[in-house]
1. Near B:Cys113, within a Cβ-to-Cβ distance under 14 Å, what is the net charge of the other residues, with Lys and Arg +1 and Asp and Glu -1?
2. Between the helical axis of B:53-62 and the dominant principal axis of chain B, each derived from Cα atoms, what acute angle in degrees is found, rounded to the nearest 10?
3. Given charges of +1 on the Cβ of Lys and Arg and -1 on the Cβ of Asp and Glu, with all other atoms neutral, how large is the dipole of the stretch A:20-252 about its Cα centre, in debye to the nearest 20?
4. To the nearest whole number, what is the average tally of beta carbon atoms from other chains within 10 Å of the beta carbons of peptide A:93-99?
5. Return the single residue from B:Arg107, B:Arg28, B:Arg50 with maximal mean-square fluctuation; model: Gaussian network over chain B, springs between Cα atoms under 10 Å.
6. Given the options B:His106, B:His126, B:His26, state which has the largest fluctuation in a GNM of chain B using a 10 Å cut-off (strictly under) for Cα springs.
7. Which residue, A:Cys209, A:Cys11, A:Cys90, tops the fluctuation ranking in a GNM of chain A built on C-alpha contacts under 10 Å?
8. Please list, ordered by chain and number, the residues whose modelled amide H lies under 5 Å from the amide H of A:Asp115; skip anything fewer than 5 residues away on the same chain.
Amino acid sequence: MLPTPSTSHVCFDRVYEPAEDSYLLLDTLSSSTESAFLSERFLQSTAPPLVLEVGVGSGVVLAFVAANARSIFGRHDILTLGTDINSFACQAASQTVSTAVKDEEQHEERSIFLDIVNGDLASSIRPHSIDVFIFNPPYVPAELPDFSRHTDYNAVPEGKTKTSFEQDSYLLELSYAGGEDGMVVTNRMLEQIPDILSKGRGVGYVLLCAQNKPDIVKQQIRDWGSGWQAETVGTSGKKAGWEKLHIVRIWKNDD
Amino acid sequence: MKLLTLNFLTCAIKTCKTNASSFPLHPRDAELEIQEADVNLPFLKNILPRLMWEELRTICKELGLPDLPPTPPTPTDLISGGNSTDTTEGRTQAEQEPSQTAKDLHRVLLETCIQEGKLVCGCCGHEYAVKEGVANFLLPGHLV
């Protein structure tokens, strides 16, 4: 088992706390099948792959990938970049990832952590620059929060020293509430994937829950066009014979 | 935020993405900070083909940093003694020392950070704020 990065500095009142879904991503990315797939797709002789996680939250998943690049990719020289809509998550995750990378003993073999930017999904990412995309979305079927308050709630209020309770609740809602079928945010993200993934080698990992109807989602991805693939590569939380959480790998085979 | 990050970012407004002038974003009123890190020579050699060199030169110029050479260095340029007649063959990766060129590139890409300031789109002119090293790409409602 590879070590889980420390998130002890993160305030979980306003940043999503690592939970079963986060750990399923760690387990899946470091599984023997996925590390074999990734090592073969990103051979040492090719340019360093750029890993983007959207909605990093505490940063535990991105930090895990950054600190365990050698085990996952068979190479250490990967780049990691994150985004989150919550500015407090950006600050927290930045610390999580840089600490995890610094804790690596081999100075010469550290991966390169770029930054966490505060943004909406992958809207600020240069087209076709992402090699590995990771997304643990707000997937719970629950009403979306009212975004009109976002600018006010995304910083410590002026003249105050800390966030309000309403503000914290709003910021946490952003991390889990996914609207109808829990798919409203995920669908917006899926739309951007063909534009951000690098041509020829880009691959995405998206977490879904059973209420998101993973089989339908996978079929929709395959319908993007010739070569697009979507397969479940990790599951957890068996409940009455069906899996509660799925990790879907999305990639394109060039014809 | 590191200057290498700017190699992978663009304007968040959809209609700008197809316009070449939306990349790179132009730093303005930037306060820079040097955050020291160990030189990672194998990484520097491998990242060369991914760098948008002309755009990186533009960013450095706009920040008032020393000029980058007109063409990107080769992997050999990054190894100390790499251009001398004394061949580097036979030396293992671990024995190679970074050249001044490698150290300079490392300083620009990974140690020079924008702590405060703005990033401006060359297409629409929208300004994205950078505060405490974090760039904010969230758009006001009417631009989404």
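1. Summing Lys and Arg as +1 and Asp and Glu as -1 gives -4.
2. Orientation of helix B:53-62: about 70 degrees from the principal axis.
3. 560
4. Other-chain Cβ atoms within 10 Å of each residue's Cβ, averaged: 1.
5. B:Arg50
6. B:His126
7. A:Cys11
8. A:Gly82
The values are calculated or read from the model by the stated rules, or taken from the named source; none is laboratory data. Predicted, not measured: the structure shown is a model, and the values here were computed from it. Ideal geometry is used to build each Cβ from the backbone, glycine not excepted, and the neighbour counts take in all protein chains shown. The area values use the complete protein model at the heavy-atom level, side chains included, leaving out ligands, DNA and RNA. Shrake-Rupley method; radii C 1.70, N 1.55, O 1.52, S 1.80 Å.
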